[in-house]
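Working notes for the structure below.
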Amino acid sequence: MVALYQQDLTGGPLEELLGPAARPFARELAEGADREREELDALIGSHATGWTLDRIAPLERNILRVALYELIHRPDVPDEVAIDEAVEAAKELCGADAPGFLNGILGAVLRERAAAPRPEEPRAAHG
């Protein structure tokens, strides 16, 4: 998340900002969130009622990107864990209103995904 935040502020290359000491899981989250930025930003924008993406503080925006990446692209990370970690990061690093704001957006995305029809499983061929 910190490397994504720095990238947002400086425009520097993510690989350089991550550095060689980045843990594999942190690297995968940062690279995945960066790769899926367009999709994640569209979700943030559609659920941040009354806020444009550029009005959301860069740190909060990047906490959201990482949490949404986990919710959507990391089935091994429980949804509750992704949301709890984002809210805790916001409590520690952001303003007083940030945890509730992030929780609201992440909860709305989770509810929307739960309500969406799931694609059918491929049927086994009978032979």
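Values in this text are rule-based calculations from the coordinates and carry no lab data. Computed from a predicted model, the values in this text were never measured in an experiment. Quick reminder, even Gly has a Cβ in these numbers, built from the backbone with ideal geometry, and neighbours come from all protein chains shown.
Test of understanding: among Glu15, Glu60, Glu36, Glu28, which residue is among the charged types (D, E, K, R), over 14 Å from the mean Cα position of the chain (by Cα) and surrounded by 13 or more Cβ atoms within 10 Å (Cβ to Cβ)? Full working, then the answer.
On the way: Glu60 fails: over 14 Å from the mean Cα position of the chain (by Cα); Glu36 fails: over 14 Å from the mean Cα position of the chain (by Cα); Glu28 fails: over 14 Å from the mean Cα position of the chain (by Cα).
None of the other options fit; the residue is Glu15.
A quick yes/no check of all residues on (1) part of a helix (DSSP H, G or I); (2) in contact with a Phe, Trp or Tyr (Cβ under 9 Å, 6 or more places away or on another chain); (3) under 26 Å from Ala114 (Cα atoms):
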residue: Glu15; (1), (2), (3): yes, no, no
residue: Glu38; (1), (2), (3): yes, no, yes
residue: Ala67; (1), (2), (3): yes, no, yes
residue: Leu71; (1), (2), (3): yes, no, yes
residue: Glu92; (1), (2), (3): yes, no, no
residue: Ala96; (1), (2), (3): no, no, no
